[in-house]
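Computed from the coordinates by the stated procedures, all read-outs in this text should not be read as laboratory data. All figures in this text were calculated on a predicted structure; none of them were measured in a lab. Methodologically, a virtual Cβ is constructed for each residue, glycine included, from the backbone with ideal geometry; neighbour enumeration extends over all protein chains shown.
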Amino acid sequence: MGKARSRSAARRGDASSHFYTLVDKELRRARAKHPKAFNSEPEGWAVIQEELDEYRDALRARHGGPKATCIAELVETAAMCRRAFEDLYQVVPGRCQKCGCTDNTPCVGAFGEGCGWANRSQTLCTACVQPEPRRRRRR
Ligand SMILES: [Zn+2]
Ligand SMILES: [Zn+2]
């Protein structure tokens, strides 16, 4: 069981911890590993579905053995549901509402330039702002 010790609490399926604590830890781990936010509902759905499939596989493989893997997969599924909620429906300062970019994962333009914030509340990036031809003044 020495191997299991190096894994995260969620991976160990530590049922003594509060569920939300495990989900919180798992989501932070996942965001560190894959910083780019979900930028569409189908993408979020596909990731949740993948985790749910892994939970089903864990249930099938268990045969009455330890529940650790099942708990870990359940937590991962919940973490991805929460991520979909946060990335797709929650307006958070520091994350573009349209594309999901952040200071750590900016959009990269055609010339390798990063995006900036288009508004004070930092919920919309410059890459997502449509150029406004009306602003051009005719002489
Ligand atoms: Zn954006
Ligand atoms: Zn951006």
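Within the stretch 60-114, which chymotrypsin sites (Phe, Trp or Tyr not before Pro) sit in a loop by DSSP and count at most 16 neighbouring Cβ atoms inside 10 Å?
Those that pass, being in a loop and sparsely packed, are Phe111.
Counting other Cβ atoms within 10 Å as a rough exposure proxy, the listed residues Lys33, Lys25, Lys67 run Lys33, Lys67, Lys25 from fewest neighbours to most.
Label sites at Gln97 and Thr126, each approximated as a point 7 angstrom past Cα along Cα to Cβ, lie 2.0 nm apart.
Working note: Karplus 6.51/-1.76/1.60 with θ = phi - 60° gives the stretch 82-91 the couplings 5, 4, 4, 4, 5, 6, 9, 10, 9, 8 Hz, where Gly and Pro are set to x.
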